[in-house]
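This report refers to the structure that appears directly beneath it.
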Amino acid sequence: MRTILLRLSPVKPQPGMIKAAACVLRNGGLVAFPTETVYGLGANLLNKGAVGKIYRIKKRPKNKPLTVHIADIKAVKKMVGKIPSGAKRLAERFWPGPLTLVLKDKRGRKTGFRMPDNRIAFLLIKKADVPIVAPSANISGNRPPKSAKEVLRDLDGKIDMVLDGGKTRVGIESTVVDMSGKNFKVLREGAISEAEIWRAISPHPALSPKGRGLR
């Protein structure tokens, strides 16, 4: 497989290139694209073959779920229904940005959601018009890529396309917060600290974060 590399303006991404990448995603291909944290490897969640390729190419454990990348809160409501109040506070404070929220979908399954703060990612997700899953664009266990060049070191010839939007702004993976139960849990501390999560989620700053109450 030949991996196509497209160089886009991070400020005004070329519409034709975004359209081409969105078409690849809708048709079951894999596209690496920049977010503000690291480069993600996108696939159409509705295409089982594409999702399977992500696990196979990344050598990702099958029991490790994938995060759905969104461009607006409506996409979360469509899959989850009612969003818990604590999750709403975090979304209002940190989205778009380096935060992944784990919620229960309408079938009771835990699903991660992230709204990246990157123009290329935003336009690609909107244009694709399908749910996009996007773990970091690297072989599992390797350092997450902060540039298209780093993506190609691991995945050249293995994926369909890379959108080169330059180096990522943050360079650290998103913070993952599980909001699927009565209390929240930080599963991975990334660009947002656990202390910041607590301050945003609690209406009572004087309370100790040990309680971690949500509702």
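Rule-based calculations on the coordinates, nothing more; no lab input. In this text the structure is predicted, and so the values were computed from the model without any measurement. Cβ atoms come from the backbone with ideal geometry, glycine included; neighbour counts cover every protein chain shown.
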Next on the checklist: With the crude spin-label approximation of a point 7 Å out along Cα→Cβ, what separation in nm comes out for Lys88 versus Lys158?
Outcome noted: 4.2 nm
Next on the checklist: Given the -39500 (n - 2.57) contribution per DSSP H run of 4+ residues, what per-residue ellipticity at 222 nm results for the chain, rounded to the nearest 500 deg cm²/dmol?
Outcome noted: -9000 deg cm²/dmol
Checklist entry - Ala195 versus Ala20, label points 7 Å from Cα toward the beta carbon: distance in nm? => result 4.7 nm
Checklist outcome for this item: For the chain, shape from the Cα gyration tensor axes a ≥ b ≥ c, cut at a/c of 1.5 then a/b versus b/c, turns out prolate
Next on the checklist: Quick check: from the Cα gyration tensor, does the range 108-156 come out rounded (a/c under 1.5), prolate or oblate?
Outcome noted: oblate
Checklist entry - Which value, in debye to the nearest 20, gives the size of the charge dipole of the chain about its Cα centre, when Lys and Arg are +1 and Asp and Glu are -1 at the Cβ? => result 700 debye
Checklist outcome for this item: Note to self: C-alpha centroids of the range 32-70 and the range 157-187 sit apart, in Å, by 10 Å
Checklist outcome for this item: Taking 0.36 nm per residue of separation between Lys106 and Lys77 and subtracting their Cα-Cα distance, the length gained on full extension comes to 9.5 nm
Next on the checklist: Given an 8 Å cut-off on Cα distances and at least 6 residues of separation, report the relative contact order of the chain as a percent.
Outcome noted: 31 percent
Item to check | Pairs beyond 22 Å (Cα-Cα), from Lys19/Lys78; Lys110/Lys182; Lys74/Lys110 | outcome: Lys19/Lys78
Checklist entry - Efficiency by 1/(1 + (r/R0)^6): what FRET value for Ile4 and Lys62, r their Cβ-Cβ distance, R0 = 22 Å, to the nearest 0.05? => result 0.20
